[in-house]
Amino acid sequence: MSIKLDGRSLTIEQVIKVVRNFGKAELSNESKEAVIKCREYVDKKLEEGVVIYGLTTGFGKFADTVIDTDASADLQRNLIISHACGMGIPLPAEAVRAAMLLRCNALARGNSGIRLQTIQTLLDMLNKRVHPIVPEKGSLGASGDLAPLSHIVLVMLGEGEAEYNGEVLSGKEAMRRAGIETIDLAAKEGLALINGTQIMTGIGCLVLNDAINLSKTADVISAMTAEALLGIKKAFDPKVHELRNQSGQQKTAQNLRTILKDSKLCLDEQPGKVQDAYTIRCIPQIHGATKDALEYVYSILSREINAVTDNPLIFPDEDEVISGGNFHGQPVAIPMDLLGIAIAELSNVSERRIERLVNSQLSGLPAFLTNHGGICSGFMIVQYSAASMVSENKVYAHPASVDSIPSSMNQEDHVSMGTTAARKAKMILDNAQKVLGIELFTASQAITFRDESKLSSATGAVYKMLRKEIPPVDRDIVMYEPMSKCDAMVKDNRVFHTAVAACGGLE
């Protein structure tokens, strides 16, 4: 069943369904009527010779240059080909698909003055999997994502390049093979297609979805570490966390109680130990802060995916065309920086738990989790790998949104760098997933020195799932292979789903 786009009700979950599961999308009937009505208004104003930014004027600093209506088609085409200035490796197809979907949804409100057939062309590309090649660098996130969105529109014109059926083709050939006619842009359409935040927001939706999953997976993996280190479960008592009254903290504590409810390794009391180190005792506080940040980002992106972000905005019922600044990426940029920081913290604390597992002075287990220390290095360099990615994340976590650089002869004198923030968050996510995968690998090895039959139902199920692919390490092996397998288990949510199947729902 197709998802109906109306510019108001799209959800992040629906974005994921269309982008990753190739669900179909189409305009609602109400949106079609609104789009047609707005375009008729634009055509009327053009006939009247009204001077309107982007329709009968140049762009940016050329806003004061009036363009003859006969040249409007050239104006729009020139806008796209001159703004397609992206550099670097291509964005993943899923990020491009997300941007295409979100741009269609923004145009569906009927405030952009674009023709219905033009939106339909973009929707056909999405549904038939014509994926424009979009270089990842080049957006300031101020007048929207001008450069990367222009690369999408190039293919609509039969220019540029696109991936179709696994092959990179010229834009014209990709459209021909997919059976989609290329278009000539009418007045306002080029600007309507590229003046928006859909690249940063599309990337943000994908990273956020995966970060929410990672935050739950982190609870499962940290519970395994707590068992391997004979942690004190009493620290997760609900009375403690009710007194703090922080939502994410309470959710994490509840998750840990659910995961560890029948553990015979992580107990309410441990002989000879009063309390654990912070990386165990404060899992609810640390992971919970990330959950709260993710909830905030979710609320912002949920609004942004249903926002109209081009300029000027057209209000046919009020007979107004208003130049504003909805294209500015600052409302997304700051949450994208926060998203990166929140994910980085999951890897920060994970690496410290890895250190506790391999450090015999802290764990009570054999040094570097090997019985053959000296001749074997065991898990010594596994921790190095995690530490390197955690340190790299600290560089990436520096906020992009605190920077600005003027453009367009100082007409655009404050920019958001929101797309850079979103791209950084994606890099942080990849590192964090790898670090949590390393913790999974390390905790499972540590458990071999305990009694695996005493694991909780949830962690026991995860341990058995892992052992089907990765045997315990006795003497040194090529370590990156099982590390890569654990990375995959984190990324495809096997860890989380396996735990949930054994213990019930996690928040």
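Conditions tested, residue by residue: (1) free of Cβ contacts under 8 Å to residues at least 40 places away in the same chain; (2) surrounded by fewer than 22 Cβ atoms within 10 Å (Cβ to Cβ); (3) assigned by TED's automatic domain parsing to the domain that holds residue 300; (4) out of contact with any Phe, Trp or Tyr (no Cβ under 6 Å at 6 or more places or on another chain).
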residue	(1), (2), (3), (4)
393	no, no, yes, yes
399	no, yes, yes, yes
413	yes, yes, yes, yes
422	no, no, yes, yes
428	no, no, yes, no
432	no, no, yes, yes
458	no, no, yes, yes
463	no, yes, yes, yes
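Please go through the range 281-317 and give me each residue that is of a type in the set (Val, Ile, Thr) and closer than 30 Å to residue 350 by Cα, ordered by number. Hits for the range 281-317 are 283, 286, 290, 297, 300. For the range 355-375, a residue qualifies if it is in contact with a Phe, Trp or Tyr (Cβ under 8 Å, 6 or more places away or on another chain) and either farther than 14 Å from residue 449 by Cα or not in a helix (DSSP H, G or I) (or both), and the qualifying residues are 365, 366, 370. Whether a residue is at pLDDT below 95 and either in a helix (DSSP H, G or I) or of a type in the set (Gly, Ala, Ser) (or both) was assessed, and residue 55 does not pass this test. Within the set 4, 17, 61, the sole residue that is at pLDDT below 90 and either surrounded by 13 or more Cβ atoms within 10 Å (Cβ to Cβ) or not in a helix (DSSP H, G or I) (or both) turns out to be 61. Scanning the range 32-51 for residues that are of a type outside the set (Val, Ile, Thr) and within 16 Å of residue 313 (Cβ to Cβ), we see that the one that is surrounded by the most Cβ atoms within 10 Å (Cβ to Cβ) is 38. Criterion first (surrounded by fewer than 16 Cβ atoms within 10 Å (Cβ to Cβ) and part of a loop (DSSP other than H, G, I, E, B)) does residue 262 satisfy it? Considered against the rule, which asks whether it is surrounded by fewer than 16 Cβ atoms within 10 Å (Cβ to Cβ) and part of a loop (DSSP other than H, G, I, E, B), residue 262 comes out as yes. Filtered by the rule that a residue be over 26 Å from residue 231 (Cβ atoms) and among the acidic types (Asp, Glu), the range 475-501 gives 476, 481, 492.
Once the range 470-507 is narrowed to residues that are within 16 Å of residue 429 (Cα to Cα) and not polar (S, T, N, Q), the residue that is farthest from the chain's Cα centre (by Cα) is 486. Using the structure shown, decide if residue 315 is among the aromatic types (Phe, Trp, Tyr) and at pLDDT below 95. Here the answer is no, as residue 315 does not meet what is asked.
Yes/no matrix, rows are residues, columns are (1) in a helix (DSSP H, G or I); (2) of a type outside the set (S, T, N, Q); (3) in contact with a Gly (Cβ under 7 Å, 6 or more places away or on another chain); (4) free of Cβ contacts under 8 Å to residues at least 40 places away in the same chain:
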site: 306; (1), (2), (3), (4): no, no, yes, no
site: 309; (1), (2), (3), (4): no, no, yes, no
site: 324; (1), (2), (3), (4): no, yes, no, yes
site: 328; (1), (2), (3), (4): no, yes, no, no
site: 333; (1), (2), (3), (4): yes, yes, yes, no
site: 341; (1), (2), (3), (4): yes, yes, no, no
site: 347; (1), (2), (3), (4): yes, no, no, no
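Residue count for the range 192-207 satisfying the condition of being over 12 Å from the mean Cα position of the chain (by Cα) and under 10 Å from residue 149 (Cα atoms): 6. Among the residues of the range 312-352 satisfying the criterion of being surrounded by fewer than 22 Cβ atoms within 10 Å (Cβ to Cβ) and among the polar types (S, T, N, Q), which is farthest from the chain's Cα centre (by Cα)? By that ranking, first place goes to 323. Residues that are in contact with an Asp or Glu (Cβ under 6 Å, 6 or more places away or on another chain) and either touching a residue at least 60 places away in the same chain (Cβ under 8 Å) or part of a helix (DSSP H, G or I) (or both) were ranked within the range 212-234; the one that is surrounded by the most Cβ atoms within 10 Å (Cβ to Cβ) is 221. Scanning the range 1-49 for residues that are under 20 Å from the mean Cα position of the chain (by Cα) and of a type in the set (D, E, K, R) yields 13, 17, 20. For the range 477-493, the set of residues classified as in a helix (DSSP H, G or I) and buried (at least 17 other Cβ atoms within 10 Å of the Cβ) consists of 482, 483, 486, 487, 489, 490, 491, listed by residue number.
The values are calculated or read from the model by the stated rules, or taken from the named source; none is laboratory data. On a predicted model such as this, the values are computed, not experimentally measured, just so you know. Heads up, the Cβs are rebuilt from the backbone with ideal geometry, glycines too, and the neighbour counts pull from every protein chain shown.
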